[in-house]
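**Q** Structure incoming, see below.
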Amino acid sequence: MSAVWTCHLSCFNCDKPFLVNGVSAEEIREAQGVFRCPHCDAMPAGGSRHSLVYLHAVNLPFRKPWRGDLWHYSEYCSGWPVDNYLEIEFPPADEVCPECCALVGVFKFGSAPAVTAKL
């Protein structure tokens, strides 16, 4: 899987931090101006941008516990599997964890499908 980034941003309006996962190197600057703040709902406009606090290089696979029903894609999720999981590198057809959606808010993948398992 090609490297993707987690952008740690600070809202231009309320200064509260939030994450945007799954951003390519080319999309980092764009991410500062296109996402609503999850805290105050402010949308950058007229040259305003969220501040980039720092970047974290990550690969964002989808993981599901071996006998689980939900796919996870945020390592910050309370349900993120660390043992006995199935991992894919493309968005699943099955249900995605709502906590991951709330934490990350967006996922974008363009890599070729791959499947691995850790037991």
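The values are calculated or read from the model by the stated rules, or taken from the named source; none is laboratory data. From a predicted model like this one, the values you see are computed outputs, not experimental measurements. All Cβ positions, even for glycine, are placed from backbone atoms using ideal geometry, and neighbour counts span all protein chains on display.
**Q** From the set of residues in segment 12-22 that are over 13 Å from Tyr54 (Cβ atoms) and either out of contact with any Pro (no Cβ under 8 Å at 6 or more places or on another chain) or of a type in the set (A, V, I, L, M) (or both), which is modelled with the lowest pLDDT?
**A** Across segment 12-22, the extreme among qualifying residues is Gly22.
**Q** So, restricting to strands (runs of 3 or more DSSP E) that lie completely within segment 1-73, which ones have at least 1 residues that are within 21 Å of Tyr85 (Cα to Cα) and in contact (Cβ under 8 Å) with a residue 40 or more places away in the chain? Break it down stepwise before answering.
**A** Working: elements: 4-10, 17-23, 51-58, 62-65.
Output list reads 17-23, 51-58.
**Q** Kindly indicate the residue of segment 88-101 that is surrounded by fewer than 16 Cβ atoms within 10 Å (Cβ to Cβ) and among the charged types (D, E, K, R) and also farthest from Phe18 (Cα to Cα) among those meeting that condition.
**A** From segment 88-101, those surrounded by fewer than 16 Cβ atoms within 10 Å (Cβ to Cβ) are 90-95, 98, 101; that's our starting set.
Within this subset, residues satisfying the condition of being among the charged types (D, E, K, R) are 94-95.
Numbers: Asp94: 26, Glu95: 24 Å.
Looking at the filtered set, the residue picked out is Asp94.
**Q** Of the residues that sit in segment 82-106 and are assigned to a loop (DSSP other than H, G, I, E, B) and of a type in the set (D, E, K, R), which one is farthest from Arg36 (Cα to Cα)?
**A** Restricting attention to segment 82-106, the residues satisfying the condition of being assigned to a loop (DSSP other than H, G, I, E, B) are 82-84, 89-95, 97, 105-106.
Subset that is of a type in the set (D, E, K, R): 83, 89, 94-95.
Numbers: Asp83: 34, Glu89: 26, Asp94: 27, Glu95: 24 Å.
Restricting to residues being assigned to a loop (DSSP other than H, G, I, E, B) and of a type in the set (D, E, K, R), the top hit is Asp83.
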